[in-house]
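Shown below is the structure under consideration.
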Amino acid sequence: MTNAQVTALQYGLIGFFALWATALIPQLIVLHARHGRVRLRPVLTMAAVLLYATMTLAVTFLPLPGPGVKRLSQTVQLHPFQWIADIHTELLKHGLPVADWFTTQTFQQATMNVLLFVPLGFFARTLWKRGLIGTTLIGLTASLLIEITQLTANFGTAPYVYRIFDVDDLLNNTGGAMLGWIAGALLLSLVRKPVPSTVELQPEVLVTAEGSLAQPLGRERIDLAQVR
C-alpha cells in the first residue's frame, strides 16, 4: 500500500467519524421514539454503511492533485483484462520470475478493486434484499459513476484528470459486488435454519363402542403455534 493510499484512508476515517457523530444523535432519537428503546443493530448497521462509503470515496478520489504533480499520459483504458498483460510487463521490467506475479503492484491493485466492492454486494444482499442480478447492476452502476467522475476531473472541480478511466476497474468492481452477494447469501443460509411448525397425523381407523368401523381419519395438519 502506497503512502498516498494510507493518507486517503486516514482522511476517509476522519470523514466517517464526522458523519457518524452528526447522524448518531438523530438516529438514537428516532429509534427511541419508534421502539421505546435504542436498538443496537440499526446503530451498528448505519455505522458500517457510513464507514464503507467514506473509505470507498477516499481511496477512489484522494489524494487530490497538487502543484507540481505530473499529469497522466493516458486517461482512458478500454481493453478488458489489460491488467494481466501489465503484470507480465511489470515482471519483465523488474526482472522478477513468473512465480512472483502475485507480488506485483498491478495484481495488488486489481485485487483491491475487487475487495473494494465486496461490502457493497454484501450489504445489497443482507440489508437491501437484492438478488444477484440487481446487485450486479448496483455494483456496475456505482463503479461506472466513480469512473465517470474521475474521467471528468471530478466534474470539473479538479484542475485536470488525475485518475484513469479503466474498463478493468468496472469489471473488477462488479465482480467484487457479486462475490459480496454470494458471501451474504451464504451467511443468511447459515443463520436461517428452518424450524418445523407443524406435525402431520397419519390416517387411522377407529372402532366404535358397538364394534363397528368408523370412517378413517383424514390427514390433519396441526399448527403448533395456534392456540386451541
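Would you please give the residues with an amide H less than 5 Å from that of Phe165, counting only those at least 5 places away or on a separate chain, with H modeled from the backbone geometry?
Val76, Gln77
Then there's this: Let's test the formula: R0 of 22 Å, r as the Cβ-Cβ distance of Phe155 and Val69. What FRET efficiency results, to the nearest 0.05? Mind dumping the intermediate values first?
Details: r = 19 Å, r/R0 = 0.89.
Result of the calculation: an efficiency of 0.65.
Read the figures in this text as sums done on the coordinates, not as results from a lab. All values derive from a computational prediction rather than experimental measurement. Because the Cβ atoms are built from the backbone with ideal geometry, glycine has one as well, and the counts that use them run over all protein chains shown.
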